[in-house]
Amino acid sequence: QEKKIFMVQGPYPIIRRLLRARGWVERRAPSTGRQLEQHCDPLHYPWLPAEKEEEQCDEDSLGIHHLMSYLARDQLPNFIWTNFLETVDRQLLRDDSVLNHYARVDAFTTKEGLCLSLQNLPWIEQADPNAFFPRCYRLGTRDDREAFIEDFRLTAARSLLKLALEEAGDRPVRTEQVPNSDNRKGRLCPQSWHRSHISHPKHSTAQSGSPLYPELVEEALEVCKQHLGVLQHKDIDRNTPSPCRTCIDWDNFLQQYYRVAHEGAGLVLTRQQRKQCQNLLQSLAEKLPQLDMEGKLNVWILKPGAESQGRGIICMTRLEEMLQLAWSYTAPSVQVGRWVVQKYVERLMTIFGTKFDIRQWFVVTDWKPLTVWFYQDCYLRFCSRPFSLHHLERARHLCNVSVQKWYKTSPDQDPRVPPDKIWSNKQFQEYLAQVGQADAWHKVLVPGMKAAILNALRSARDRVRFRKGNFELYGADFVVGENLQPWLLEINSCPTMSPSSAVTRQLCANVQRDTLCLVLDRKDNPTCSIGAFELIYKE
């Protein structure tokens, strides 16, 4: 009578416990066929499902909840929380049922979908995806594949100029990632924030093998000049589709670039070339928001377009190897060509010499009008080995818990990295204050994450199939650049609620509790407590 019948499908004991505490009755989802333990024999208790669940016999020793579920077995649920929309029987939905998913959200919750949606963002909003989303291409489409090849080549040319300037001693000021520890006082030294920790190969002009051809720097300069002309719209009268595709022998250029970037071959600049490099890079920086974060080693990250939890992701530095891998990979879960390739954020912030990312939750409660709630608590995930651009194994570069759980912490890892590889955002804020960046969280990081999330949602909203009364909890993943700017990597439609640490045990429980308050209580009481949720957008 009070419309308090619910159904839970998936590993969500917190949701089940919270709804039962509210006096709701559960209609059990279809059995998986597993039998109960002897002391919960279904022959003696016909209302008990033929399924063993956590808390079934521990929390309900009298069988009250299961008895009520048995009595409500033919009632339609008013609230459904499931891990996959596809598992919900449409016949169970009432007109006023509340469901925790929308349809066709793959437009922004898959790597391929987000890539395509954000490519179209400038046509929808006055926003540039390059300001918050690393450049991304779908290798299964010809236009994207050709655009990626051109981007890789242009990035190699810019990177060569950066390497040449570095060799000449013109190193830009970098942001320190690993503040030194004052062992006597146990504190961090803020002044060390401005010294670089990332090691790069020492270049030498006396290298074995064939020498670099002397026109290498001149070719890179010419390519960058032509690209700058394109960016400044000076190519209107050109007949060629792209001035950068045929201006040099790219195969030869890339092989020489690999020697400089990855094998330590040396470069020598004339004084005139040095000045040209400086001026060109400065002009390009005004047109390319990602020029600084892209670094100089041209690292890209190859991802299956519809996978999650880090499956199949590889960091690579050579164009021909990336294209070959994308078309030769035979895993059944990856359709031919369904790969995306994304620019790796080379100049990123690390903590204690270790890469981390941020898992940030948000909820959409409506799409027309678009209504978005930002969760003010989040957590950081650390890698198991120190960050290095010259060692591209997953343990150093993929922060997913599902990836890192397979790796032991390496002996050369800084002991200050948490053993469970998780921090809360409050611990991160304390760290930022210690290194002299106390305002960065509220003034740079949070506004940047909110803007990126809203732009991603706006770019995809016309493709989402929404149903009034539904909602969805998402988990967005960000890395942080050296300048503390957040870069959106992906958005997950079913963020894990299984705790991997004391921090996530508390935070995951809190966000589930607050989500129920937001979608159930606020309907009847707009002033009720919604915990750490903040309304950041209502169209």
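The table below gives the values:
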{"item": "All-pairs alpha carbon distance profile, region 354-445, 10 Å steps from 0, percent", "result": "15, 38, 30, 13, 3, 0"}
{"item": "Where N is the number of residues in region 243-291, Cα Rg divided by 2.2 N^0.38 Å", "result": "1.37"}
{"item": "Virtual spin-label span in nm between CYS247 and ARG73, 7 Å along Cα→Cβ", "result": "7.4"}
{"item": "All lysines inside 19 Å of LYS538 as judged from Cα atoms, apart from same-chain residues fewer than 8 positions distant", "result": "LYS368, LYS450, LYS468, LYS523"}
{"item": "Pairwise centroid distance, computed over Cα atoms, of region 462-488 with region 97-131, Å", "result": "9"}
{"item": "Heavy-atom SASA rank of HIS390, HIS233, HIS397 (probe 1.4 Å, accessible area, largest first)", "result": "HIS233, HIS390, HIS397"}
{"item": "For GLU490, residues with placed amide H under 5 Å, excluding near neighbours", "result": "ASP477"}
{"item": "Label-to-label distance, nm, for residues given as VAL268 and LYS523 (7 Å Cα→Cβ offset)", "result": "7.7"}
{"item": "Whole-number D in µm² s⁻¹ for region 471-510, Kirkwood Cα-pair radius fed into Stokes-Einstein, 10 °C, 1.306 mPa s", "result": "135"}
{"item": "Ratio of the Cα radius of gyration of region 112-174 to 2.2 N^0.38 Å, where N counts its residues", "result": "1.46"}
{"item": "Shape category assigned to region 54-143 from the gyration tensor of Cα positions, a/c cut at 1.5", "result": "prolate"}
{"item": "Rounded, prolate or oblate (a/c below 1.5 giving rounded, otherwise prolate when a/b exceeds b/c) for region 426-494 by Cα gyration tensor", "result": "prolate"}
{"item": "Two-site FRET efficiency, GLU146 against GLN278, from Cβ-Cβ distance with R₀ of 25 Å, rounded to 0.05", "result": "0.20"}
{"item": "GLU215 - accessible surface, heavy atoms, 1.4 Å probe, Å² rounded to 10", "result": "90"}
{"item": "Ranked order, THR504, THR87 - accessible area, probe 1.4 Å, largest first", "result": "THR87, THR504"}
{"item": "Cα gyration tensor shape for region 459-528, rounded if a/c is under 1.5, else prolate or oblate", "result": "oblate"}
{"item": "Kirkwood hydrodynamic radius over Cα pairs of region 417-539, then Stokes diffusion coefficient at 20 °C and 1.002 mPa s, in µm²/s", "result": "128"}
{"item": "Probe 1.4 Å, all protein chains present, accessible-area order of ARG158, ARG22, largest first", "result": "ARG22, ARG158"}
{"item": "ARG465-SER402 FRET efficiency (beta carbon distance; Förster radius 30 Å; 0.05 resolution)", "result": "0.55"}
{"item": "Rounded to the nearest 10 Å², the accessible area of ARG138 at probe 1.4 Å", "result": "40"}
{"item": "Spin-label pair VAL230/SER388, simplified geometry with 7 Å Cα→Cβ offset, distance in nm", "result": "3.5"}
{"item": "Mean Cβ count within 10 Å, highest first, over the residues of peptides 483-496, 106-119", "result": "106-119, 483-496"}
{"item": "Candidate lysines for bridging to LYS443, where Cα separation is under 20 Å - those fewer than 8 sequence places away on the same chain excluded", "result": "LYS426"}
{"item": "Rounded to whole Hz, the Karplus (6.51, -1.76, 1.60) HN-Hα couplings of region 144-153, x for glycine and proline", "result": "5, 5, 5, 5, 5, 4, 5, 4, 4, 5"}
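The values are calculated or read from the model by the stated rules, or taken from the named source; none is laboratory data. For clarity, every value in this text was computed on a predicted model and none was experimentally measured. Ideal geometry is used to build each Cβ from the backbone, glycine not excepted, and the neighbour counts take in all protein chains shown. What goes into the accessible areas is simple: the full protein's heavy atoms, side chains included, and nothing from ligands, DNA or RNA. Shrake-Rupley method; radii C 1.70, N 1.55, O 1.52, S 1.80 Å.
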